[in-house]
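Have a look at the structure below before the remarks.
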Amino acid sequence: MSKVLSTLRTKLLWKLLGCILFSGTIAIAIGIVIARLGNYYVENTFDSQEMNRGFQQKYMEDLQEYVNSNQIAPSNISLLENWADENNLVYFSVYFNNKMIFNSDYSYADEEELEEVDETYDISTLNSDYFYRLNMWDGTVTSVDMFCYDFYNYSNYVLALSVVVGIILFIIIFTRLVNRKLNYIKKLENELSILEGGDLDYAITIKGNDELSSLARGIDQMRLSVIENNLKEQKALQANKNLVTAMSHDLRTPLTTLTGYLEILNMGQNLDEEKKKHYIQLSAEKTKEIRELSDELFEYFLVYGEQQRRIDVEPVPASELVADLIENQFLTLEEEGYIIKGNNKITGDAGNCLINPQYMRRVLNNILSNLGKYADKNSPIEVTGQIDNGKLSIRVKNVIGNNLEPHESTKIGLITCERIMKLHNGEFKAYEEKGSFIDELVIPMENNKAR
């Protein structure tokens, strides 16, 4: 059981990893698509001259305010480096008299470094629409060439959006995939609770064709087995109850009659010897009847108690068993006036059947007892032996008598025969057919093979 559970956990773990990989792949792929489409949209929408002019105007106003508030002039132009650091998405250059006096890509630590930025440009040849005017603190008018990269912010927003969407998609897809199994496990848990409550008629849901469905199928088979065992137990209890009730009735009748005979004998001082002898004989017959009923009851419980264990069997030639049954076992019936008609179809090389002689003798005694009670003496009792499908079949057929003394039957003999044959891994059938009663024994052959 632990090995099965371990295998089940391993396979479920692989399925869980598969769900994670599948969900992650879909989420990453969709996230990449969103990022690319978003960046394409941002570049085509925000990375344009018109959009940049709007951003540049805003930055120029801020830059002019920064120059005024910090009293920046060409002599301390390097102070613009702080503003450039704070606005790292802006690239700009400051020109005065066709000379670049500041570039946001350079570092201005002192005046000597300022002299290094000594590039002269003929800005008159450039489009003045792209330059902005910047008034220094000392009144010097400079020109500013500026370009903004604000659209990079939108690219970051797109990246963040793609990550968030990817995570959400991963959670949704993974939850959907796993929820199927989790819901099924939850359903099985609820159904097991119903079974624990005693409702064994509630069928377990079997869904899919995986380890969980196999587990559900096993639980349902166990449920059916419990139901079957309960039914067998109930039938056995009812059979025993009926048996005890019937036997109590059957025993009470002869006991009451016997008590009456004994009371007559005890108080019958004026009875002659003939009547005393008659009542004594009747008492003996009732005593014999009570003993037979007691023997049948004892035999039934003996066999019933041995139902769950195996009995020892031994090989016996099938032809000899049938011949002995026809020629010897039914001899007592012939002496009582019954006609026995044997039909032995089994040859000497038919092989051996497997029986326990003691138990088989009980079966034959019960059959003989029923024949003595119910068979018609004017019709022959047919006994047939043959090999059928690798098993020995013995069939006893008799016509049911019409003018017989009434016998109250508990059918203990037939039940005993059935149980004994089950212990032999064989079969016993008893049924009526067109006014005849048929007993049929099916006995396994050695190696279960017809010769």
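The values are calculated or read from the model by the stated rules, or taken from the named source; none is laboratory data. Everything numeric in this text was worked out from a predicted model, so none of it was measured. Note that each Cβ is placed from the backbone with ideal geometry, even for glycine, and that neighbours are counted across all protein chains shown. Heavy atoms of the whole protein, side chains included, go into the accessibility calculation; ligands, DNA and RNA do not. Shrake-Rupley method; radii C 1.70, N 1.55, O 1.52, S 1.80 Å.
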### Query
Condition test on K341, is it open to solvent by 60 Å² or more (accessible area, probe 1.4 Å), at pLDDT 85 or above and assigned to a strand (DSSP E or B)?
yes
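Residue-wise test of (1) in a helix (DSSP H, G or I); (2) within 30 Å of L215 (Cβ to Cβ); (3) modelled with pLDDT of 75 or more.
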{"position": "G18", "(1), (2), (3)": "yes, yes, yes"}
{"position": "Q57", "(1), (2), (3)": "yes, no, yes"}
{"position": "N76", "(1), (2), (3)": "yes, no, yes"}
{"position": "S93", "(1), (2), (3)": "no, no, yes"}
### Query
If we scan the stretch 376-386, do we find a residue that is touching a strand residue (DSSP E or B) at 6+ places or on another chain (Cβ under 8 Å), buried (at least 17 other Cβ atoms within 10 Å of the Cβ), assigned to a helix (DSSP H, G or I) and not basic (K, R)?
no
### Query
Listed residues N88, N68; which is assigned to a loop (DSSP other than H, G, I, E, B), open to solvent by 30 Å² or more (accessible area, probe 1.4 Å), out of contact with any helix residue (DSSP H, G or I) (no Cβ under 9 Å at 6 or more places or on another chain) and at pLDDT 80 or above?
N88
### Task
Examine the stretch 350-360 for a residue that is in contact (Cβ under 8 Å) with a residue 12 or more places away in the chain and in contact with a Phe, Trp or Tyr (Cβ under 7 Å, 6 or more places away or on another chain), and state whether such a residue exists.
no
#### Entry: Flag if G139 is modelled with pLDDT of 80 or more, open to solvent by less than 50 Å² (accessible area, probe 1.4 Å) and either under 24 Å from I32 (Cβ atoms) or part of a loop (DSSP other than H, G, I, E, B) (or both)
no
### Query
Restricting attention to the stretch 174-203, which residues are outside any helix (DSSP H, G or I) and of a type outside the set (A, V, I, L, M, F, W, C)?
G197, G198, D199, D201, Y202
### Query
When only residues in the stretch 344-365 that are open to solvent by less than 20 Å² (accessible area, probe 1.4 Å) and among the small types (G, A, S) count, which is farthest from I420 (Cα to Cα)?
A350
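Residues checked against (1) surrounded by 12 or more Cβ atoms within 10 Å (Cβ to Cβ); (2) under 60 Å from the mean Cα position of the chain (by Cα); (3) modelled with pLDDT under 85:
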site	(1), (2), (3)
L8	yes, yes, yes
K15	yes, yes, yes
L21	no, yes, no
M51	yes, no, yes
D62	yes, no, no
L79	yes, no, no
### Task
Show the residue pairs that are 6+ apart or on different chains and have beta-carbon atoms under 6 Å apart, the first residue being within the stretch 383-394 and in contact (Cβ under 8 Å) with a residue 60 or more places away in the chain and under 13 Å from S319 (Cβ atoms), the second being of a type in the set (S, T, N, Q) and open to solvent by 30 Å² or more (accessible area, probe 1.4 Å).
G385/N344
### Query
Condition test on K429, is it at pLDDT 80 or above, open to solvent by 30 Å² or more (accessible area, probe 1.4 Å), out of contact with any Leu (no Cβ under 6 Å at 6 or more places or on another chain) and over 21 Å from K377 (Cα atoms)?
yes
### Message
Within the stretch 403-413, does at least one residue satisfy the condition of being assigned to a helix (DSSP H, G or I), open to solvent by 70 Å² or more (accessible area, probe 1.4 Å) and under 30 Å from N242 (Cβ atoms)?
### Response
no
### Query
When both residues are 6+ apart or on different chains and their Cβ atoms are under 8 Å apart, which pairs have a first residue that lies in the stretch 311-334 and is modelled with pLDDT under 85, and a second that is part of a helix (DSSP H, G or I) and open to solvent by 30 Å² or more (accessible area, probe 1.4 Å)?
L333/G372
#### Entry: Scope the stretch 172-193; condition free of Cβ contacts under 8 Å to residues at least 40 places away in the same chain and open to solvent by 60 Å² or more (accessible area, probe 1.4 Å); matching residues
I172, R176, R180, L182, N183, I185, K186, K187, E189, N190, L192, S193
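For every residue, the table says whether it meets (1) at pLDDT 90 or above; (2) within 24 Å of S379 (Cα to Cα); (3) aromatic (F, W, Y).
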position: L404; (1), (2), (3): no, yes, no
position: G413; (1), (2), (3): no, yes, no
position: T416; (1), (2), (3): no, no, no
position: I420; (1), (2), (3): no, no, no
position: K434; (1), (2), (3): no, yes, no
position: I438; (1), (2), (3): yes, yes, no
### Message
Show the residue pairs meeting these rules: Cβ distance below 6 Å; 6+ apart or different chains; first residue within the stretch 50-61 and under 16 Å from L134 (Cβ atoms) and in contact (Cβ under 8 Å) with a residue 12 or more places away in the chain; second residue surrounded by 17 or more Cβ atoms within 10 Å (Cβ to Cβ) and of a type in the set (A, V, I, L, M, F, W, C).
### Response
Q56/M146; Q56/C148; Y59/V90
